[in-house]
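Accompanying notes for the structure given below.
The values are calculated or read from the model by the stated rules, or taken from the named source; none is laboratory data. As the structure is a prediction and not an experimental result, all values here were calculated from the model. Cβ: placed from backbone, ideal geometry, glycine included. Neighbour counts: every protein chain shown.
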Amino acid sequence: MISITDIAKEEVIQEAFDHVYKRRKKRHHNDAIWHVSLHWDEIKPDIIERLLKGTYQLSPMKHYQIDDVGQVGIWCAEDAIVLKAIAIVLEKPIKETFDLENVAHVKGNGGLKQAVSKASAFCRSGNPFVYKTDVKDFYQTINHEVLINQLEKITNDEKLIKILTNYCERVDIVNG
């Protein structure tokens, strides 16, 4: 079972920071990633300590209107690092625990080309139906209690469940 200690390992937090920094390094000079990167030697142990104590709390997600894109939600830098660390640790057990073999449009599962190939193979094998979904705007309709119950198959750590629940029940700040 995965626990918060797996997430709070220094090398996992560092890998998560490296990923978030790489994605945000071209942001505006006032972006929080610069504060976090300048003070990373102090911030990293603080994040680890709050994770291990069970006191880490996600901040509200801020939404911004971006021309030609629409509304985009962005986590603060520290939250993005913690969420990436969770994703790093949970990716393998999720793939092992849940049947994702027939999911084709998931990163690492082949994308659109693979989806079309799998759909064609299903049709040739006698399956009369292929179920296609578009998950855009789907998140709001997911029963988060069911989702958390599913995640409890790979973790029973109350501190980690608390962060995952906090993620599911997050507060969004729009234009504020």
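All told, LYS95 falls short of being in a helix (DSSP H, G or I), among the basic types (Lys, Arg) and modelled with pLDDT of 95 or more. In the stretch 47-78, the qualifying residues are those that are part of a loop (DSSP other than H, G, I, E, B) and of a type outside the set (A, V, I, L, M, F, W, C), and the one that is surrounded by the most Cβ atoms within 10 Å (Cβ to Cβ) is TYR56.
With respect to the conditions (1) surrounded by fewer than 16 Cβ atoms within 10 Å (Cβ to Cβ); (2) over 16 Å from the mean Cα position of the chain (by Cα), ASP18 lacks only one, and its number is (2).
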